[in-house]
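Quick note: the coordinates plus some simple rules give every number you see, no bench work behind them. In this text, all values refer to a predicted model and were calculated from it rather than measured experimentally. Quick reminder, even Gly has a Cβ in these numbers, built from the backbone with ideal geometry, and neighbours come from all protein chains shown.
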Amino acid sequence: MTNSIEAVCFALDDTLYPYAQYARAGFSAAADHIAGETGEHYHDELHRLYFDDGVTDGTFDRLVDRHDLPTELVETAVEAFHRSTAPLEPYPETEPVLSALATAYQLGVITDGRGGRAKLRRAGIGGWFDSVVVTPEIDRTKADPRVFDRALTELSVRPRSAVYVGDDPRVDFRLPNLFGMTTVRLRRGRYVDLEPQSELFAADTTITSLDELLDDIEHHTDESTTSTTNPGDH
């Protein structure tokens, strides 16, 4: 029995589009909200905190503490951040690669990111996917095997016939590796310099642009065909 590839699944943030766009749009929307509540404008400061100072967790908490603002602004600012509807621009090669893959494979998205479906709409790429699993919608994360079970079931493929492409070695590859999926790391974005904590968290192969994915999948398919036709295996 061959394990030819039938489906390709992707992470979303920093895999199909640069998350920095989402953050910039979100902070602008949140700053507008804060200005409406307080009359003060913190647009530049929020961007500096996140992008220059590296305060990527608790950014609004830091702002509220620094300026002695009402603590309830943190929650409402987070909501405003995620409600932004500003367009998102996919990586230049994203749509050409999705278009090429769609002629031969089913496509899926598995994301831990809040508002995953809205992100796909804002980026104009939602129509390419046969399955979209947004883990906050089902109160799970990529650490839960049921997430990958769900995607594989929706795509009607076996794990060994699926590829998973992600960018974050902390969460993207451990379970797909255990499932027997082929894993590909797109090394760019926020986690470009992050090394996997062990071999289990490492992808089978690494690419630096989605342009390389087509050849990578073809190479894997060729290897699978060779291994299953080796006379020594019979």
Would you kindly state how much longer the chain becomes between Arg188 and Thr103 on full extension, computed as 0.36 nm times their sequence separation minus their alpha carbon distance, in nm to one decimal?
28.0 nm
Thinking of segment 20-83 as a set of Cα atoms, what percent of all their pairs are more than 19 Å apart?
15
Which order results if Glu195, Glu93 are arranged by neighbouring Cβ count within 10 Å, fewest first?
Glu195, Glu93
Two-decimal log10 I(q)/I(0) for segment 73-210, as the Debye equation yields it once each C-alpha is a single scatterer, q = 0.11, 0.12 Å⁻¹
-0.42, -0.51
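Run the helix sum for the chain: -39,500 (n - 2.57) per DSSP H stretch of 4+ residues, divided by residue count, reported at 222 nm to the nearest 500 deg cm²/dmol.
Values: 9 runs with 96 residues, N = 234.
Computed mean residue ellipticity for the chain: -12500 deg cm²/dmol.
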Taking all pairs of different Cα atoms in the chain, averaging 1/r and flipping that mean, what Kirkwood radius in angstroms comes out?
19.1
Placing unit charges on C-beta atoms (Lys and Arg positive, Asp and Glu negative, everything else neutral), compute the dipole magnitude of the chain about its Cα centre in debye, rounded to 20.
520
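Kindly state, to the nearest 0.05, the FRET efficiency for Glu93 paired with Glu72, given R0 = 45 Å and r defined as their beta-carbon distance.
Between Glu93 and Glu72 the formula returns 0.60.
Evaluate the charge dipole of segment 20-83 about its Cα centre and quote only its size in Debye, nearest 20, assuming +1 on the Cβ of each Lys and Arg and -1 on the Cβ of each Asp and Glu.
Working: 5 positive and 14 negative charges, 53 e Å.
That gives segment 20-83 a dipole magnitude of about 260 debye.
Could you please report the charge total around Pro159, scoring K, R as +1 and D, E as -1 over all other residues with beta-carbon less than 12 angstrom from its beta-carbon? Present the calculation step by step, with values, prior to reporting the outcome.
Values: positive: Arg158, Arg160; negative: Glu6, Asp149.
Local charge sum for Pro159: 0.
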Considering Cα pairs under 8 angstrom that are at least six residues apart, work out the relative contact order of the chain and quote it in whole percent.
25
